[in-house]
1. Before anything else, pin down the relative contact order of segment 54-108: Cα pairs under 8 Å, at least 6 apart, normalised by residue count, whole percent.
2. With the cut-off at 1.5 for a/c, could you classify segment 205-272 from its C-alpha gyration tensor as rounded, prolate or oblate?
3. Counting only residues 5 or more places away or on other chains, whose amide H sits under 5 Å from the amide H of residue 152 once H atoms are built in the peptide plane?
4. How far is it, in nm, from the label point at residue 34 to the one at residue 148 when both lie 7 Å from their Cα along the line to the Cβ?
5. Under the rule that an exposed site lies in a DSSP loop and has at most 10 other Cβ atoms within 10 Å, name the longest stretch of the chain with no trypsin sites (Lys or Arg not before Pro) of that kind, not counting the sites themselves.
6. I'd like to know which of 268, 134, 278 lies farthest towards the positive end of the charge dipole of the chain, counting +1 on Cβ of Lys and Arg and -1 on Cβ of Asp and Glu.
7. Determine the share of the chain's accessible area contributed by carbon and sulfur atoms, expressed in whole percent, with a 1.4 angstrom probe.
8. Assuming a ≥ b ≥ c are the square roots of the Cα gyration tensor eigenvalues, decide whether segment 45-121 counts as rounded (a/c under 1.5), prolate (otherwise, with a/b larger than b/c) or oblate.
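The values are calculated or read from the model by the stated rules, or taken from the named source; none is laboratory data. Only a predicted model underlies this, so the values are computations on that prediction, with no experimental measurement involved. In this analysis, Cβ positions are derived from the backbone assuming ideal geometry, glycine residues included, and neighbour counts consider all displayed protein chains. Side chains included, ligands, DNA and RNA excluded: accessible areas come from the protein's heavy atoms. Shrake-Rupley method; radii C 1.70, N 1.55, O 1.52, S 1.80 Å.
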Amino acid sequence: MSHQYPVSLIDLHMHSLASDGTMTPTDLVRRVHAAGVRVMALTDHDNTAGLEEARVQATALDIQLVPGVEVSSEWNTQGIHIVGLFIDPENNILQGGLSRIMAFRDWRALEIGRLLEDAGISDAEAGARAMAGSRMVGRSHFARWLVREGHCADANEAFGKYLGRGCKAYVPSDWISMPEAIGWINAAGGSAVLAHPGRYKLSGTRLRALLTEFREAGGIGLEVCSGSQAAGDREHLGCLARQLGMAGSVGSDFHGPNFGHTAIGHLPPLPDGVEPVWDRAGIHLH
């Protein structure tokens, strides 16, 4: 069953308007279909609000939708993201946990708005919420609003001047621990996968330590092929997956057509000898 599809037809990491993507779940699924992808996962940050809408459109277009979520977490003060695949979105333990994160996000949005007000920029929180179009408001929505209103030239300036660590409107994150996040995903029958490991700027020793602890906490895999990683990461991450006995996943991390991530489905295959996460999970992709 392994590699029943070429991996370019499988994309297990993308976002909609339910988090920080720019497309509705319906339009996202249509774009997936147009790209020739046959199996997709919707993995919005810290909520599953877009899954039902995506499911309806996926059914209409004969796309296999993998229900997913991307959980904001922390390991040794390092912020990390954990993709939960094949989850039961109705699971109470998972939804209770996600509610905790969303409550923190609500508070953080208020706090960022207050700090921007102190810096002479009014109505930022309301503006960011309007940009978001859903309950999930992140720093990227503030950045887009700051650019649109002419306060910053681009998102890099917004983070460098206001939203980044040590800046005027920076609010430290208070994410939940990695073992707890993995526990929520496993309780919902899902498979926990470390998202885009190449983005964390960890030394080789620390990345191996992270993956080892991730596996020991109940995680089963890592994104070996991601739309937000350097060219040489695929072979390195594939080697780590084989050495640590972890499964490999593939995902573009698509947020919208105007973002810099790889286009939907434009991913290389998993390296030889890396077990696909769908095989490890016993899920038949048809």
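1. Averaging sequence separation for qualifying contacts and normalising by length gives 25 percent for segment 54-108.
2. Prolate, since a/c reaches 1.5 and a/b exceeds b/c.
3. 147
4. Between residue 34 and residue 148, the label points sit 2.2 nm apart.
5. Looking at the chain, 1-164 is the longest stretch - no exposed trypsin sites (Lys or Arg not before Pro) with at most 10 other Cβ atoms within 10 Å.
6. Comparing the listed Cα positions along the dipole, 268 ranks first.
7. Exposed carbon and sulfur together represent 51 percent of the surface.
8. Verdict is prolate for segment 45-121.
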